Each structure stands twice: as structure tokens, then as C-alpha cells.
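A.B. asks: Handing you this structure, nothing more for now.
The values are calculated or read from the model by the stated rules, or taken from the named source; none is laboratory data. Computed from a prediction, not measured in an experiment: that's the story for all the values here. Here the Cβ positions follow ideal geometry from the backbone for every residue, glycine too, while neighbour counts run over all protein chains shown.
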Amino acid sequence: MWTDNPGAGGRRGRLVAGRATVFAALSLALAAMAAACAVVPTTGSPRAAEEDNSRDSLNQPYVRMIATPPIKDASPEEIVKGFQAAMASFDDPTLSVARQYLTPAAAQKWNPWRQTTVFESKLVPEGPSGQNLQDAKDTTVTLKGTAVATIDSEGRYTPASGSVAQQFSLARADGAQWRIDEPPDARLLSTDDLKRDYRQVDLYYPPATQSEGLVVDRVWVPINPSTGVPETVVRRLLAGPTASIRNSVSTAFPDGTDLNQITVEGDTVVVDFTSPVESVSADRIEAMKAQLSWTLGDLVTGRTVEIRVDGEPFRGTELRFNPRDYLQFDPNVLPSQPQAYYMQGGKLYRTKEKGGELVYGAAGTADAKFSDPAISGEPSPRVAALVGDEGIWVTTTVLDGQWQRWIAGKTKDLTAPSWDRYGAVWTAERVGDHETRVWRAMAGQARRVNIDKDLAESRVLALRVSRDGARVAMITADGPDEAVEIGTIVRTGQDATITNVQRLDPRTHQRIVDIAWQDAASLLVLSKGNAGQELSTWSVMEGMEVPDAAIKLDAQAEIGSIVAAPPDHVLASADDDGEVRTYNVDKKAWIAIAKDGATNPVYPLG
């Protein structure tokens, strides 16, 4: 059954998880939560008091949380509560006011930048019960709450759960004020603080192979109101990729490049760098401009960008460009209206406005029995499929296209093929009960992919390469338990390695039916449990489910497979009625695009 009414860690650790939506408008009622802060509306970057979630701008009103020092004769509970509130002030980027709640020795060594701990709502301070503090020189106070996430020094977000019980040791000299002498080397923020103080940012880097295109690296960055969103984002781009993707990407910006400032002159955004930027090689200038265009994103929509060096033209010549000229670097590769395909009667069809048409070449005939087709990127798509019981074969979509075997093996032991953006076909092969091999083939030549021992000893039931070519998503089984795992792809010459394998939160007592890349950062997961089927969207770099995903299934739906494409295209095949349907986001309804035994919907790549 289809519905027209949608609603909206493991043995290798939990993944650091969607494209989560930009946080909504902030209310001045937040003033009530901050015992040591005053809330003042103002204008300028970085956060909008009434924000359009679909856009950002270079100059927005935002709500300021201004830290205030400790009051005289404050109790230990008030000191701890005030300290936590002062940590939430991004108007004080060095947290100098928060340090006033510490003893001088503690203030000197305190390092809140190692980690940010995020918790639900308020943390409640609890002091020692019944203790007479009049003559006491030390005491402890515990902040209690519920954990939500941690953010490390690189900006990587990791979901967390369970109780928070952070103990603070306080001290005072004779007649002096209470101060904290053992603070945690972390910044403690509520979810409301996070909405106000941090911005989720997608950074873009060229692949390590220096091929055309960009790879996404998602981080969370604290906003400094003295510089604003654009400068904060560019400085984080220059700091380099996170450890999870570092070996898979490069950067076009030369070492030592720093940002002076970003200004607006008419309809031009001027990005002024320090002199090392001029050492960029000529063949990397286009990649550098693409990195800047994609990372700034909506911040420069409708504007041109100019790169200057210490206030002067780049290499003595104006370097001005339109970000729209760098759409070919899109990490998602596909156009906004990608071509869809499906199988019917043993043949491959491409969808049309009404009905479908056979593709040219061998895939458009029933001469060879094939299944689970995968389509490469444009402009000349190729088809990879499981053919007979003889492995993975590839054919072109031209009139005389013929099948050619790229990966040998028994079809029953191979996962459905998946193309990467570089023209390689990937699959996982089960070898016995406790060994898996991963293969990557290009131009008919297959090479084994290096994987770690844990993955090699799992059963890989499905494997999909992300459209930016940097990650792989897998359904794995370890005994009766199934999970979705994400790995990073590192390419070195002709070799490839899957590293940094992390597990998304597994669904208890659920079977993973299928997975599909929505875009380079988001994965759709189709699962089935006792309550029926569920389609969820996960942010793979944050390891968390996107809470407001657009599509939810009727629990009684029986879907056999799903495919997706950016920005919000989804196709699914039904096990019970032989139809392929697409989800219409505007109408919030599933619409049939092929009937009469149609199966195996396909979008290129992913």
C-alpha cells in the first residue's frame, strides 16, 4: 500500500549525522534562560532574528546574548549557573567573561575549544544538601541534564544520549567569593544555545586525484559577530578538511593563506586574502574559485565575487567571477531534473513525460538476462548490471552497444553494481560465510579494494558510492543483525581503500531493505520492523537522522527498492503491484510513472 499522507553505535563506533535544516527564528524569550546574560536584538551577521530558512545573506539581524560577570556574594549554584550561561555568549568569542567565574589558576589553563557538549534545554545545578557554607573553603556543584551531542575541535558533530552529570569543584579564600577551580575542558551549551551560537556549514574541497568536481565536508562552526558568517565560513575552509575526509581531498588554496576581510562593493563580494594566495598554480585557480563559490553558497547568490590580495588586485589583475559559472563542480554531479530509468520485461527503459522508451544498445534488448542495472553519469551513460550467473557486465547506450564483462564472479555472491563519478563500477563479493571482498573496475579491468578486517569479516548486502565519489554506504550483516555503515574512499594511483568505517545508529529489530544516496551528504534508509516499513533520511557526516524528512511511508507499504537524486527526487518500486512511482513533494503524493510489471528504478550514480 502506498500513502499520500507523509509525516514529515556499533562495533566500529558511531558516525559523527542530514542535511539538518537551518535553525529557525530565535525568540527574545531566550533571555529567561540566561542567569548571567542579557539578550539584545541588533543587526548584522551572523544570525537572523527572523530568518528565511531557504536563504542566507551577508547582513542579517540577529539576537545577541551578552555575558555578564559574577554578582557579589553569589552562591556556588549561582556561580556554576552563571558560568554555563556566560559560555553561551558568542558576543564574547574568547569567553573572557566566563573566565571571571574561575579561579585565576583555572582561568589560565581552561581550554573550552577541545569539545562542545550539547544538552537538552537547561542544565540544573545541584549543590551539596544541607552543607553550611559560611565557613567552608571548598564545595562541589553538579550540573545535570540530558546529552544531545558533542562537537569536536574540528567542528565534527557526534550524536550523544543519556544523562549529563558534570561536577564542578569550587573554592574560595577567607572571606573571598566562590569561584570554580576545576572546570571541564569543554563548552557546555543547550540546544537553544547551539541554534544561536553555531552554524552548520558545508565546506567544499577538490578530490585528492585533482579531478574536476568537489567533495562535501560538513562541520559546525561557532559564529563570531565581530566578523560574521562569511568570514567565519571562509576561515574554516582555509583551516582544512576534517580528519574523516582529509586523505580523500586536497585544497587549491596554498599553505599559509589567511583571510584579511570580506566586504561588499555594490553587487560584488570582495574576499581579501593574504599574500600566500598568489602562489596558487595557474591550473588550480579555477578549483580555488569553485571552492570559494560553493562554500559561500547562498551568501553570494546574485552577486559576483572578487579575490584581492592585501587590498590589491590578484597578481595585478582583477580576478572577478560569477559563482554560477562553477556549477560543473557540483559534488552531486546530476542536473536538477535527472533522467530516470526502470526495467520492464527484461529490458531497460528511460522515463518520458508519458510512458517510457527503450534505451539503445544491449540493455534495451532481452538477448541477455540481466538485473539490478546501474547507470553512469552523463553525457554518454553506460549501464552496469548483473548478467546471468557470470558477474557484472557493462554496455553503452548506443545502437550497437554490446555487453562486456568487467567483474567476474557468481552473480548470487555479488552486490548490485554502483558507479562512481570517475567511471568505475563497484561491488562487494561474498567469499564463504566470513569473508567479503570489494571490487572496483574501470575500462574492463577489476582491482580489489583494500578494506579493514572488521568489514572483510562482515557480510556486505548492498554497496552504494556517493555521487561526489568520496564515500561508500553499505548494508552489512553481522550474524542476524543488520546495519548501515559509511566509509571514506581514499584513491592512490590505481588503488582504492575504504577507511574510517562508521556505523549509523542501527534500527533495533529491523531489517534494512534498501539504501540510496539523496545527495552527497544525505542517505535514504528503507527499513522494515514489526510495525511495518519506514523510510528515513540520515546525514552521514553527522551520524543522525534528519528529524523533518519530507517523506514518510504508510506502515503497510511494501517497497522493494528505492533510488534518489538531489534535491528531492525519490523513486520506489512496489513488491505487490509491479509499479514504479515517484514522490511529488508539492502534492505530497506518490505518482505512478511505469506500470505493468515495472521494477528496478534507477537514477544515474549513487
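A.B. asks: Go through (1) touching a helix residue (DSSP H, G or I) at 6+ places or on another chain (Cβ under 8 Å); (2) under 30 Å from Ala368 (Cα atoms); (3) of a type outside the set (Val, Ile, Thr) and name the single condition Glu485 misses.
C.D. replies: With (1) touching a helix residue (DSSP H, G or I) at 6+ places or on another chain (Cβ under 8 Å); (2) under 30 Å from Ala368 (Cα atoms); (3) of a type outside the set (Val, Ile, Thr) applied to Glu485, the lone miss is (2).
A.B. asks: Any residue that is in a helix (DSSP H, G or I) and crowded, with 16+ Cβ neighbours inside 10 Å - is there at least one of those in the stretch 223-230?
C.D. replies: Yes, there is a match, as at least one residue in the stretch 223-230 is in a helix (DSSP H, G or I) and crowded, with 16+ Cβ neighbours inside 10 Å.
A.B. asks: Restricting attention to the stretch 585-600, does a residue exist that is assigned to a strand (DSSP E or B) and either at pLDDT 95 or above or on the phi > 0 side of the Ramachandran plot (or both)?
C.D. replies: Within the stretch 585-600, one or more residues are assigned to a strand (DSSP E or B) and either at pLDDT 95 or above or on the phi > 0 side of the Ramachandran plot (or both).
A.B. asks: Name the one entry in Pro125, Pro112 that is within 31 Å of the chain's Cα centre (by Cα), under 17 Å from Ser190 (Cβ atoms) and either exposed (fewer than 15 other Cβ atoms within 10 Å of the Cβ) or of a type outside the set (Ser, Thr, Tyr) (or both). It would help to see each step written out before you state the result.
C.D. replies: Values: Pro125 fails: within 31 Å of the chain's Cα centre (by Cα).
After ruling out the rest, the residue left standing is Pro112.
A.B. asks: Ok, one more. Against the conditions (1) at pLDDT 85 or above; (2) surrounded by 21 or more Cβ atoms within 10 Å (Cβ to Cβ), where does Leu553 fall short? Just the number, please.
C.D. replies: Leu553 satisfies every listed condition except (1).
A.B. asks: If you don't mind, another one. Looking for something at pLDDT below 95, part of a helix (DSSP H, G or I) and surrounded by fewer than 19 Cβ atoms within 10 Å (Cβ to Cβ) - is there at least one such residue anywhere in the stretch 203-216?
C.D. replies: no
A.B. asks: Still on this structure, I have one more. Arg405: among the charged types (D, E, K, R), at pLDDT 95 or above, surrounded by fewer than 18 Cβ atoms within 10 Å (Cβ to Cβ) and assigned by TED's automatic domain parsing to the domain that holds Thr476, yes or no?
C.D. replies: Against the criterion (among the charged types (D, E, K, R), at pLDDT 95 or above, surrounded by fewer than 18 Cβ atoms within 10 Å (Cβ to Cβ) and assigned by TED's automatic domain parsing to the domain that holds Thr476), Arg405 qualifies.
A.B. asks: If you don't mind, another one. Determine whether Thr295 is of a type in the set (S, T, N, Q), under 29 Å from Ala564 (Cβ atoms) and surrounded by fewer than 19 Cβ atoms within 10 Å (Cβ to Cβ). Give the steps one after another, and end with the answer.
C.D. replies: Numbers: of a type in the set (S, T, N, Q): yes; under 29 Å from Ala564 (Cβ atoms): yes; surrounded by fewer than 19 Cβ atoms within 10 Å (Cβ to Cβ): no.
Taking the combined requirement at face value, the residue does not satisfy it.
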